Each structure stands twice: as C-alpha cells, then as structure tokens.
Amino acid sequence: MTTIPSVLLLSGANLNLLGDREPSVYGTATLADHVASATATAESHGLSLRHVQSNSEGDLIDAIHSARGVAAAIVINPGAFTHSSWAIHDALAAFDGVVVELHLSNPDSREPWRRTSVVAPVATGSISGFGGHGYVLAIDAVAAELS
C-alpha cells in the first residue's frame, strides 16, 4: 500500500480574522478560502493536507511536534510569531522535512519590525507578497521539493 505524503498547513496568530482584518493589506479572502485553495493544490499533486490554526504559540509547537515522522512537509504562516517565536523556530528546526514560510503580504515592504523572521533560518524557503496565491505557490514548492 502506498502512503500519500502529507503536508501540515499551520496558520498562526490572528489569521482566523482574515477577510475582516485589514483587507487592504491581507485581502478579503477568508482563511477557509486559503485552506481550500491549498487543499485543492495539494490534491492535484497527490498530497494530503491537514490544517491547524491557533492564536496560541504552544498549540502550533505541539502541531509541529506531532508532524515529526508523519508529515513530509510543513507550510507555516506564523503571523506575528514570525518575528518573535524562537520556540517555533526550534520546533521547526527539529522537523525533518520541507518547511515553507508563507506570508500574504511582503514583510520587507512594511514596518521595520516585520522585516526580521526567526522562522526563515529554519525554512527550506519563503514565499511572501503574493496574497492568497501564495498558498498555491507554497504547495507547488513543497511538491517540487518532494519530487
């Protein structure tokens, strides 16, 4: 029996507010819209996708830990944890698979404090600034890395 490679999609702090929160920055699509797009893209590549959203750093870390030895890749939009969570950094560093950091907006074109990512050093790559299309690009990147 062949196992379908799985991808864990993680959504961090405040992403549950997408569609309402600062639509001029993050767009009007909801998190559910982005997850649906990522899921369809994963399926087109023969991948399964599981999504976890939490405003709690510990929940995200627990999800990363539970993906070890199970998921082939993690796509993470850490939200504000991007800039401050060394604990998420360390959890991702202990994950033996592809890690894609994802952002709807381009942090480098925004406030100076957003330009530092503690996630990037442990990510295979980063995708930012493409809005909702970034979810498709992130899954495409995972598929390319896994092939």
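The values are calculated or read from the model by the stated rules, or taken from the named source; none is laboratory data. Treat the numbers as computed from the prediction; the structure is a model and nothing was measured. Methodologically, a virtual Cβ is constructed for each residue, glycine included, from the backbone with ideal geometry; neighbour enumeration extends over all protein chains shown.
For Ile4, all conditions in the list (1) within 15 Å of Ala138 (Cβ to Cβ); (2) touching a Leu at 6+ places or on another chain (Cβ under 8 Å) hold save one; what is the number of the exception?
(1)
Would you mind stating whether Leu47 is buried (at least 20 other Cβ atoms within 10 Å of the Cβ) and over 22 Å from Ser117 (Cα atoms)?
Numbers: buried (at least 20 other Cβ atoms within 10 Å of the Cβ): yes; over 22 Å from Ser117 (Cα atoms): yes.
Answer is yes for this residue.
Conditions first: (1) under 21 Å from Glu145 (Cα atoms); (2) in contact (Cβ under 8 Å) with a residue 12 or more places away in the chain. Gly79 passes all but one, so which condition is the exception?
Gly79 satisfies all of (1) under 21 Å from Glu145 (Cα atoms); (2) in contact (Cβ under 8 Å) with a residue 12 or more places away in the chain except (1).
Identify, from the list Thr82, Thr116, the residue that is buried (at least 18 other Cβ atoms within 10 Å of the Cβ), modelled with pLDDT under 95 and either in contact with a His (Cβ under 9 Å, 6 or more places away or on another chain) or under 23 Å from Ser37 (Cβ atoms) (or both). Steps first, please.
Values: Thr116 fails: buried (at least 18 other Cβ atoms within 10 Å of the Cβ).
Residue meeting the stated conditions: Thr82.
Is it the case that the range 43-59 has a residue that's over 15 Å from the mean Cα position of the chain (by Cα), at pLDDT below 95 and acidic (Asp, Glu)?
No.
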